[in-house]
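Report on the structure given below.
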Amino acid sequence: MATHAVVGEKIFVGKNYCICEKPYQEGEFMIECSICNNWFHGKCVLITEENSAYIDQYHCPKCKETHGPLIWLKLKCTIFFYFLIVKMLSILPKNVRTGSKKFMEKLKTRKFLSAEDIPVISLHGSELTFDYLEKHSFDNPILSTSTDGLHLQTPPTNFSAQAVEDLVGPMQEISVIDVARQEDHRMFLREWTNYFTNQSKKKILNLLSLEFSNSKLSELVTPPQIVFDVSWVTNMWPNDETMYLKPEVQKYCLMSVEDSYTDFHIDFGGTSVWYHVVRGEKIFYLIKPTPSNLAEFETWMKSSEQPMTFFADIVTECYQVKIKQGETVFLPSGWIHAVWTPKESLVFGGNFLNSFNTDIQLQIYNLEKRILAPNKYLFPNFEPLHWFVASSLTSKVKDLLERNQRLPKYLIESLKAMLPCLRVWSRDKEVDWRMVADRWLSG
């Protein structure tokens, strides 16, 4: 794929480029020739940043003489088709690339349904208990406007990126998202701190996946009590050693500069999410996980047009919810969502599987399998965890029956949802715990 630069201040300083033999100007789009590796101003060679997304190999004016015209992605074009496609792109302004400057300008003027229409449930922290979820279910987002009663601990609002680096380690490798292209990039936390604290940012990067459970930062963050109460990993992962690594997904640090945007997605394994804004502000765009919406989402994920298609335009209802500084939101399993950052923000959050959302969790996991999601984007040890959960819930059922107590509805539905998947997994995989699984299934 053709490479281009919007920032690149280090490699461009003090040099002349292009057919014009002039230097790089701050914030100016440039494109690299795939043959000679020289850089050219987009305006000089009539290539825009948006159109560059479709170029597989760019050939500069000189190299074009010996290697032919540029090559488009999946299509080798003659010069005629080149001009034709550029013209078509110019007359379709509504099809802008997700995360681009034009996209963000349009997003800010769009109208969405409000949080009251979902509805988002507003609860005091002391009201959000296991008994509440058992009685009312966990199908809609829940918002707590303060930390009172949540038993949540996070650093203060002035906690800095440098403080995060000091506690996690400067050489911690992280993945950040290039917002304009919605692509992952790897860097060290030290490099991120330099970027985040630099006043001049030519490219918008977004840090979403810094899991810090095994660092010193973990001592400063305690998830809400309800997460401890319902989390499968917390309550049902064996305390003794197993051949599987315990999933560490309940403590994430998210740092976003102004105008960061994360496109529509579902959290891995259909996990539910807790999300506390320490500093700044977030705008969530939420879509309910109805069967039709999930089917549309799967089709969209498989489509080559995904980067140019705003998923909210495909469905009938999309809700906008503002999460302000000091507020905490709990997002149930399967909700399709995108996030915009209107103000630079620091967020702590985490993911958790639970017995109130078993069916939708398994639906999302199977969806991930169908779209061939890479392993790094899947919930770690998702299937082994279900065997541990099944064993634990079965013991609970037996205990309640022995004491002639009522079986909770969520418990019955959770086991019913798991059983078909457990049977399939026990047949399809040769693993060390297969005999244990078979005994459980026949018991």
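Sum up the charges of everything whose Cβ sits under 13 Å from the Cβ of residue 137, counting Lys and Arg as +1 and Asp and Glu as -1, but leave residue 137 out.
Local net charge: -3.
Could you let me know the centre-to-centre spacing of region 288-315 and region 324-358, using Cα atoms, in angstrom?
20
Using the charge dipole of the chain (Lys, Arg: +1 at Cβ; Asp, Glu: -1 at Cβ; taken about the Cα centre), state which of 310, 143, 332 has its Cα farthest towards the positive end.
Projecting each Cα onto the dipole axis, the largest value belongs to 310.
What number, rounded to the nearest 500 deg cm²/dmol, is the helix-based mean residue ellipticity at 222 nm of the chain, given -39500 (n - 2.57) per DSSP H run of at least four residues and division by all its residues?
Helix contribution divided over all residues of the chain: -9500 deg cm²/dmol.
Compute the relative contact order of region 113-378 as a whole-number percentage, counting only Cα pairs closer than 8 Å that sit 6 or more residues apart in sequence.
Normalised by residue count, the contact order of region 113-378 is 26 percent.
Which residue fluctuates most in the GNM of the chain (Cα springs below 10 Å): 250, 57, 363?
57
Using mean Cβ contacts within 10 Å as the protection proxy, how do 417-423, 19-25 order, highest first?
Answer by packing, highest mean first, reads 417-423, 19-25.
Among 397, 278, 249, whose mean-square fluctuation peaks in a Gaussian network model of the chain (Cα, cutoff 10 Å)?
In the Gaussian network model the winner is 397.
Just tell me, in residue order, which DSSP H segments of the chain are both 15 angstrom or longer along the helix axis (alpha-carbon based) and at least -1.0 in mean Kyte-Doolittle hydropathy.
What comes out of the filter, once short or polar helices are dropped, is 79-90, 291-302, 358-370, 382-402, 409-428.
Among all the aspartates and glutamates, which ones have a C-alpha under 15 Å from residue 376's C-alpha, if same-chain residues fewer than 8 places away are not counted?
Leaving aside aspartates and glutamates fewer than 8 places away in the same chain, those within reach of residue 376 are 173, 183, 184, 211, 248, 267, 368.
Taking the C-alpha atoms of region 216-286, how large are the radius of gyration and the largest Cα-Cα span, Dmax, in Å?
14.9, 45
Mind jotting down the three principal axis lengths of region 113-378 based on Cα atoms? Whole angstrom, largest first.
Result, largest extent first: 44, 44, 43 Å.
Stokes-Einstein diffusion coefficient for region 298-429 at 10 °C in a medium of 1.306 mPa s, Rh from the Kirkwood formula over Cα pairs: what value in µm²/s?
For the chosen part, D equals 88 µm²/s.
Using alpha-carbon positions, what is the distance between the centroids of region 153-217 and region 43-76, in Å?
If you average the Cα positions of each part, the centres end up 34 Å apart.
With Rg and the Kirkwood Rh both taken from Cα atoms, where does Rg over Rh land for region 179-239?
We get a ratio of 1.11 for region 179-239.
At q = 0.12, 0.18, 0.31 Å⁻¹, what is the base-10 log of I(q)/I(0) for region 120-177 according to the Debye formula with one equal point scatterer per Cα and no solvent? Please give it to two decimals.
-0.52, -0.78, -1.32
Quick note: the coordinates plus some simple rules give every number you see, no bench work behind them. Because the structure is a prediction, the values reported are computed rather than measured. Neighbour counts run over all protein chains shown; Cβ positions are idealised from the backbone, glycine included.
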